[in-house]
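Readers should treat all values here as calculations from the given coordinates under stated rules, not as data from a laboratory. All of these numbers come straight from a predicted model, not from anything done at the bench. Every residue, glycine as well, gets a Cβ built from its backbone with ideal geometry; the counts of neighbours run over all protein chains shown.
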Amino acid sequence: MGWEIERRFLVRVSDAFWASAGAGSQLKQGYIRNGTPSVRIRVGEARGPVLTCKSGSGIKRREVETVVPLEMATVLLEAAEDRIIAKTRYRVGPWEVDRFVNDLQGLELMEIELATVDEEIPEPPAGVHVLQEVTDSNSFVNGRLARLTPKEQRTLVSQAYSGFTP
């Protein structure tokens, strides 16, 4: 069983960054099971559809992943019912910048995978402004975002950025 060591940040991204970022990867994630462990299917990665089981919280979590056939991914996405989120992911050096769509439009999160819990974090990419770290906030875990109603998703995005000047 593997470990994921990751830090996540709520960010604001400049128009110049988006203009130069390219197309990104269109990801769709369905949550078959929330809780411990969470079970997620993701389509849109170059390596193919990925089934992931995660448990724990915070910076270090247990994670097991496997690439599955597209037919299985399609059935698992159906099993996720309305617990699905969509986003475009941009890779910039060691960083991944996610731009959510649909009712989470406006939400921008950035994450970095680390080798150790105490590894020093590099500077964010130019044009990405870190507002706050959300690694320990369950509010920004993708599985939780997928469980919210469309209205709750829009409210979360609005509240996440309240108090931060553009």
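When the helices in the chain are scored as -39500 (n - 2.57) per DSSP H run of 4 or longer and the sum is shared across all residues, what 222 nm value do you end up with, to the nearest 500 deg cm²/dmol? Computed mean residue ellipticity for the chain: -5500 deg cm²/dmol. Counted by Cβ distance under 9 Å from GLN26, the other residues give a net charge of +3, where Lys and Arg count +1 and Asp and Glu count -1. Convex hull volume per residue, computed on the Cα atoms of the chain, equals 116 Å³. Compared with the dominant Cα axis of the chain, that is its longest principal axis, helix 70-79 is turned about 80°.
The angle between the Cα long axis of helix 150-161 and the main principal axis of the chain comes to about 30°, on a 0 to 90 degree scale.
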